[in-house]
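Report on one structure; see the data block that follows.
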Amino acid sequence: MTADTGQPIIDLKAQALFCERDDRVLFQQLDVQVGNGDLLQLAGPNGAGKTTLLRLLAGLNHDYQGDVFWCGQPMAKAYPDYAAQRLYMGHLSAVKKALTPIENLRWLTAAWCMSDEQLWQALDAVELYGYEETPCQQLSAGQQRRVGLARLALAPQGTGPAPLWILDEPFTALDKAGVAWVEQRLQQHVESGGAVIITSHHALEGIASLRQLDLGAQA
Amino acid sequence: MSLVGATVKRDFLLAARNPGEWLNPLMFFLMVAALFPLAVDPDPKFLGKIAGGVIWVAALLATLLSLDALFKADVEDGSLEQWLASGESLYAMALGKALVHWCISGLPLTLMAPVLGLMLNLPQSAYVALIASLAIGTPVLSLLGAVGAALTAGVRSGGLLLSLLILPLYIPVLIFAASSVYHAGIGMAYNGQLGFLGAILALSMCLTPFAVSAALKLNLSR
């Protein structure tokens, strides 16, 4: 299925979500809708349930009430199709310390069948050029984050292999240039028809389609 | 390439970078078998009689030693979350992980066993049974162990819990395997025991991946 723009259709809908942890209601009667070109930022104080909602929308958390639909189908049924189209980055980077950045990236992008040249370019984009043969344990925390973030660089034009990005705190441990680069990639991605759901305390300014969902105000 | 293939490849690469992790259980295997004659009777006749049992118990404990780390690192660094997020079958992933584990624990144990047999004066006629029982039995140890490792992956010090969970399941394997080696040593037929081991292997190859994937999902549904 493709939309008029030639991009895959992104249609994620959640209705009447209710979730509680340890007898504390995180959110109730919450509706979320994300389509092509949307950038949804989940905001709220620590412990407000941002990551819980993000994992729920990513299809990784099943402990909730309410309905989540992908392209009109219930999530449980549409999951394999959905999983192939969305990129999920949790706050754990899944980077193995004994392996080099390129070896890690090869595993992280295994489903996308990328050529090595594309992976080198992606590592170059996150300024890991010259560290290709260095085991990740010798890289700084920010550089290790960049290995995972290199996935965002894999589609300079269009939405790339995963039109829907779900990112949990992507700005953690990044320097100013890194933050600016991620912001720019987010903007390019939504402008070319992709969609992003993100949790961050960082103020994302200058992106027209930005919507904020404040979980702190909700509860 | 599928994520399962990529994971198998990555795990072999990781094993090559950290040889200590899989060499340690092998050293343990060697040491147990080497120390046994010093502590009990060094009489070759007596040793030949118990050799099969000693080698099998040592192999079983060495496997148990290497299991704890099977899924722990993947849970802690977020690799497991990426598997679930990939939407690929966890069944295949569980089989892939067990395969890698067998290649770096069960297979070297099987290859080392004849040397230990020589050390413990194993009867000539028992070598084939020893190698065959280890070749069929150690994959079962890896598969069953993967269930325990998946269940305890999120537990801080899950080693003890893992042993408690898995040892009872290992006992049938130990009984059939050790008895096949013993019977081969005294010149009796042992294909019945090997047949049972094969049946256990077939069963655990089909069923344990279900248990492993369910246990891994449980780890993440917090």
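The values are calculated or read from the model by the stated rules, or taken from the named source; none is laboratory data. A quick note: this is a predicted structure, and the numbers were derived from the prediction, not measured. With ideal geometry, Cβ positions are generated from the backbone for all residues, glycine too; neighbour counts draw on all protein chains shown.
Some notes on this structure:
- Some residue of region B:166-176 being farther than 28 Å from B:A113 by Cα and either in contact (Cβ under 8 Å) with a residue 24 or more places away in the chain or outside any helix (DSSP H, G or I) (or both): no
- Answer residue from region A:1-50, given it is of a type in the set (V, I, T) and at pLDDT 90 or above and is nearest to A:V190 (Cα to Cα) among those: A:V34
- Condition check for B:A153: of a type outside the set (K, R) and within 14 Å of chain A (Cβ to nearest Cβ): yes
- B:L30 being closer than 24 Å to B:L116 by Cβ and over 17 Å from the mean Cα position of the chain (by Cα): no
- Taken over region B:1-16, the criterion of being at the interface with chain A (Cβ under 9 Å from one of its Cβ atoms), part of a helix (DSSP H, G or I) and either buried (at least 16 other Cβ atoms within 10 Å of the Cβ) or of a type in the set (V, I, T) (or both) is satisfied by B:L3, B:V4, B:A6, B:T7, B:K9, B:R10, B:L13, B:L14.
- Some residue of region A:180-200 being within 15 Å of A:L87 (Cα to Cα) and within 14 Å of another protein chain (Cβ to nearest Cβ): yes
- Verdict on A:A83 being in contact with a Phe, Trp or Tyr (Cβ under 8 Å, 6 or more places away or on another chain), small (G, A, S) and in a helix (DSSP H, G or I): no
To keep it simple, each residue is scored yes or no on (1) in contact with a Pro (Cβ under 6 Å, 6 or more places away or on another chain); (2) modelled with pLDDT of 90 or more.
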residue	(1), (2)
A:V147	yes, yes
A:Q157	no, no
A:D168	no, yes
A:W181	no, yes
A:G194	yes, no
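- Filter result (within 11 Å of another protein chain (Cβ to nearest Cβ) and either over 17 Å from A:Q144 (Cβ atoms) or among the hydrophobic types (A, V, I, L, M, F, W, C) (or both)) within region A:106-126: A:W107, A:L108, A:A110, A:A111, A:W112, A:C113, A:M114
- Any hit, region A:141-158, residues being in a loop (DSSP other than H, G, I, E, B), closer than 22 Å to B:V8 by Cβ, within 13 Å of chain B (Cβ to nearest Cβ) and in contact with a Ser or Thr (Cβ under 9 Å, 6 or more places away or on another chain): no
- Of all the numbered requirements in (1) touching a Pro at 6+ places or on another chain (Cβ under 9 Å); (2) in a helix (DSSP H, G or I), A:A98 misses one, and that requirement is (2).
- Within region B:178-214, the set of residues being surrounded by 13 or more Cβ atoms within 10 Å (Cβ to Cβ), under 19 Å from B:V100 (Cα atoms) and either within 14 Å of another protein chain (Cβ to nearest Cβ) or of a type in the set (G, A, S) (or both) comprises B:S204, B:A211, B:S213.
- Condition check for A:Y82: within 8 Å of chain B (Cβ to nearest Cβ), surrounded by 16 or more Cβ atoms within 10 Å (Cβ to Cβ) and in contact with a strand residue (DSSP E or B) (Cβ under 7 Å, 6 or more places away or on another chain): yes
- From the list B:L84, B:L95, B:L109, B:L116, the one residue that fits, being within 14 Å of chain A (Cβ to nearest Cβ) and buried (at least 18 other Cβ atoms within 10 Å of the Cβ), is B:L84.
- Put simply, of B:L84, B:L143, B:L111 the only residue that is assigned to a helix (DSSP H, G or I), without any contact (Cβ under 8 Å) to a residue 24 or more places away in the chain and of a type in the set (A, V, I, L, M, F, W, C) is B:L111.
- Qualifying residue in region A:17-35 (condition: in contact with a helix residue (DSSP H, G or I) (Cβ under 9 Å, 6 or more places away or on another chain) and part of a loop (DSSP other than H, G, I, E, B)): no
- Out of B:W56, B:W22, sole residue that is part of a helix (DSSP H, G or I), within 14 Å of chain A (Cβ to nearest Cβ), within 30 Å of B:Y182 (Cβ to Cβ) and not aliphatic (A, V, I, L, M): B:W22
- Residue list for region B:146-161, filter: in contact (Cβ under 8 Å) with a residue 24 or more places away in the chain and among the small types (G, A, S): B:A146, B:G148, B:A149, B:A150, B:A153, B:G154, B:G158, B:G159
- Residue check for B:E76: touching a strand residue (DSSP E or B) at 6+ places or on another chain (Cβ under 8 Å) and within 14 Å of chain A (Cβ to nearest Cβ): no
- For region A:14-71, the set of residues classified as on the phi > 0 side of the Ramachandran plot, crowded, with 20+ Cβ neighbours inside 10 Å and within 14 Å of chain B (Cβ to nearest Cβ) consists of A:G49, A:G59, listed by residue number.
Yes/no per residue for (1) under 14 Å from the mean Cα position of the chain (by Cα); (2) at pLDDT 95 or above; (3) more than 18 Å from B:G48 (Cα to Cα):
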residue: B:L130; (1), (2), (3): no, yes, no
residue: B:G137; (1), (2), (3): yes, yes, yes
residue: B:V140; (1), (2), (3): yes, yes, yes
residue: B:L143; (1), (2), (3): yes, yes, yes
residue: B:A146; (1), (2), (3): yes, yes, yes
residue: B:R156; (1), (2), (3): no, no, yes
residue: B:L165; (1), (2), (3): no, no, yes
residue: B:G187; (1), (2), (3): no, no, no
